[in-house]
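Just so you know, all these numbers are worked out from the coordinates, no wet-lab data involved. Here the structure is a predicted model, which means the values were calculated and not measured. Don't worry about glycine lacking a Cβ; one is built from the backbone with ideal geometry, like all the others, and counts go over all protein chains shown.
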Protein chains: 2
Amino acid sequence: MRIAVDAMGGDHGPSIVVTGAVNAAREFGIELTLVGKSDVIESLLAKIDRTGLSIEIVNAEETIEMDEAPAMAVRRKPNSSISKALLEVKEGRAGAMVSAGHSGAVMAASLAILGRIRGVERPALAVVLPTLTGTTILLDLGAVTDPKPSQLVQFAYMAKVYAQVAFGKDNPTISLLSNGEEPSKGNQLVQEIFPILQADTRLNFKGNIEGKDLLRGRSDVIVTDGFAGNIALKSMEGAVSVFSDIIREEMTRSIWRKLPAFALKPAFKAVRGRLDYAETGGAPLLGVNGVVIIAHGRSDAFAMKNAVHAGQRAAAQALPQKVREALAPTE
Amino acid sequence: MRIAVDAMGGDHGPSIVVTGAVNAAREFGIELTLVGKSDVIESLLAKIDRTGLSIEIVNAEETIEMDEAPAMAVRRKPNSSISKALLEVKEGRAGAMVSAGHSGAVMAASLAILGRIRGVERPALAVVLPTLTGTTILLDLGAVTDPKPSQLVQFAYMAKVYAQVAFGKDNPTISLLSNGEEPSKGNQLVQEIFPILQADTRLNFKGNIEGKDLLRGRSDVIVTDGFAGNIALKSMEGAVSVFSDIIREEMTRSIWRKLPAFALKPAFKAVRGRLDYAETGGAPLLGVNGVVIIAHGRSDAFAMKNAVHAGQRAAAQALPQKVREALAPTE
């Protein structure tokens, strides 16, 4: 099963994407379809050793820029690298599509081209967070800002399937993001959905969890609406980024700090790596008819490699079929 | 004007609270009323040099523990240190009340004892965030999880007044926390309130701001509902705390890291201090008939000193009267 990679996406340009994808191909024995401007891809591949690898190129003349309105861009550019990579999945030539491009456009194009899985009310964007003890799947990140309770329950089911498929967790724990741990805490939506999740014997529901515990690995899945999920994720990103800026500033204040800080460079690099969720395999779009992995725009080659690997694992495990089965009526 | 301090509140016990309050009294010429078990307070004061300071003690036999249900605890313990400190404000013997105790109980007791300012629909809990360039007031943090648009507008007005009163910002910029900067982004509440804030010529509205920019000092005031605000704040706290844990782990992995890390101890301490919002003066409860400052439960003496100072500044500037004027009908 080939993996289709949007070669044009990402803040660092096609070179990083192609390098990461080829590394994944070699390390995990993945067959690649690179989608984008073929001359650009050809010239990048010419510089890379690809002996023994199966790499195809699908030409896509158009690219969607980060500042375009997603739905409009998808309609106006039917030959974008995003849409053409999704067509590879749609038409059965690839088992998954991976893009570090415009995430809104990838979501819109996935809906338009692959469509929703039967029974799914709204697809959700999840992220695999690195935690102190492993990984946690947080969703939704903004696909559905005002979900109905029934949609949030579906998010829990879809994330449960992803935790099983991608991380081999048999009976993943599921929590609800809230403004306090007590069952009485939460906004109207949380208070409405809490008893529903608790009564559902097919879900291993553990109750509410607070923002401060998102990275502590206390739950395999954390469910929330797309507004709060987006704010939680970006608040953490922002805090870590500002923290890093301040550390850098403090470490370069004097020669007495610069010297030991230099000695600690590998340690700082390790710290950053352990908190970079781009390195845990990107963000799966759950609920569409096909495997779609959205990598962070600022992904480096290592993060791209992991995202391609995540796409392959989900495809090999037939993620969309399992989501459909999990959401099928039990009667 | 005296400042009433709940001497029993805070994770570190009365000793830290009293030390911080006395330091504030000395540094800023503040007259103190310490409220709590008088024998405990007496014995703590006996160990501190208080020459030239005006410190009164108000005995409060009861204390509210962190695990009690707020409204119930306030009703069942009318002689708690929280309620008796608020009575000092209510009855005009103190200009402000400061507590590092159970924040839910402080909110409930403030409503019960001080009441809402005329015209205020719902009081809001704000926090003064330290940013790369100064301070930002973020509210609400959980007092109102499902606010109506009109309540969110009031939050903006109240925070504007606090920015003027506490930080001397004449015409503070105001932003709306959202899942994207574009005016089209947001959940229903944000999309409803955006045009209202934009049309209000008395507010210096700057549009949407994302979670990643909360600590970048891009806005003097950031308004959001209590659910999202709580999640944003705690997500940042959690990320910084996990980041610190990982740094500590990485820095002690080998002797080659331990040595330079030891040399950088002052730098790490400076980093933590610059991101600790306890040090910017606690969280004002806006919209009640009196100045109430809620300090973080884990406040140290330095944070308590700053919270007491913030209470004094707000009292001296007649914060509640200015909130009332700001919310008075303009017709």
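Over 21 Å between Cα atoms, which of A:Lys212/A:Lys322; A:Lys234/A:Lys322; A:Lys234/B:Lys185; B:Lys37/B:Lys84; B:Lys90/B:Lys148; A:Lys269/A:Lys305 qualify? Walk me through the numbers before you get to the answer.
Working: A:Lys212/A:Lys322 32 Å; A:Lys234/A:Lys322 30 Å; A:Lys234/B:Lys185 15 Å; B:Lys37/B:Lys84 11 Å; B:Lys90/B:Lys148 29 Å; A:Lys269/A:Lys305 19 Å.
Table pairs above 21 Å Cα-Cα are A:Lys212/A:Lys322; A:Lys234/A:Lys322; B:Lys90/B:Lys148.
Given springs between every Cα pair under 10 Å in a Gaussian network model of chain B, which of B:Ile196, B:Ile231, B:Ile255 has the largest fluctuation? Most flexible of the set in this elastic network: B:Ile255.
Both radii come from the Cα set of the protein assembly as shown: Rg as radius of gyration, Rh as Kirkwood radius; their ratio Rg/Rh reads 1.01.
Amide H to amide H, with H built 1.01 Å from N, A:Ala94 comes under 5 Å of A:Val89, counting only residues 5 or more places away or on other chains. Remark on A:Val288: its backbone amide H falls under 5 Å from those of A:Ile117, a criterion applied only to residues 5 or more positions apart or on other chains, H modelled at 1.01 Å from N.
For A:Ile209, the residues 5 or more places off, or on other chains, whose built amide H falls under 5 Å of its own are A:Leu176, A:Leu177, A:Ser178. Per-residue 3J(HN,Hα) values for region B:129-140, derived from phi via the Karplus relation 6.51 cos²θ - 1.76 cosθ + 1.60 with θ = phi - 60°, read 7, x, 10, 4, 10, x, 9, 10, 8, 10, 8, 8 Hz in sequence order (x marks Gly and Pro). Listed values for region A:209-215 are Karplus-derived 3J(HN,Hα) couplings in whole Hz (6.51 cos²θ - 1.76 cosθ + 1.60, θ = phi - 60°), namely 9, 9, x, 5, 9, 4, 9, and x replaces Gly and Pro.
Once you order the gyration tensor axes a ≥ b ≥ c over the Cα atoms, which shape class does chain A get: rounded for a/c under 1.5, otherwise prolate or oblate by comparing a/b with b/c? Don't skip to the end; give the middle numbers.
Numbers: a/c = 1.79, a/b = 1.10, b/c = 1.62.
Oblate shape, in that a/c is at least 1.5 and b/c is the bigger or equal ratio.
Taking the label point 7 Å along Cα→Cβ, B:Arg26 and its counterparts in the other copies are spaced 6.6 nm apart, in ascending order.
For chain B, modelled as a GNM whose springs connect Cα atoms under 10 angstrom apart, the maximal fluctuation among B:His102, B:His296, B:His12 occurs at B:His12.
Our coupling estimate for region B:31-47, obtained by passing each phi through the Karplus curve with A = 6.51, B = -1.76, C = 1.60 and θ = phi - 60°, is 8, 10, 10, 8, 10, x, 5, 5, 5, 4, 5, 3, 5, 6, 5, 4, 8 Hz, Gly and Pro reported as x. Among B:239-245, A:307-313, B:310-316, sorting by the average number of other beta carbon atoms lying within 10 angstrom of each residue, highest first, gives A:307-313, B:310-316, B:239-245. Looking at region A:104-197, what % of the alpha carbon pairs are farther apart than 19 Å? Pairs farther apart than 19 Å: 47 percent.
Using C-alpha pairs under 8 Å with a sequence gap of at least 6, the mean separation divided by the residue count of chain A gives a relative contact order of 24 percent.
Sparsely packed loop sites in region B:14-112 (the trypsin sites (Lys or Arg not before Pro) outside DSSP H, G, I, E and B with at most 15 other Cβ atoms within 10 Å) comprise B:Lys47, B:Arg50, B:Arg93.
Just checking the listed ones, A:Leu286, A:Leu141, A:Leu189: in the Gaussian network model of chain A with Cα springs under 10 Å, the one fluctuating most is A:Leu189.
Send over the per residue convex hull volume for region B:128-277, Cα only, as a whole number of Å³.
Working: hull volume 16.7 nm³, N = 150.
Per-residue hull volume (Cα only) is 112 Å³.
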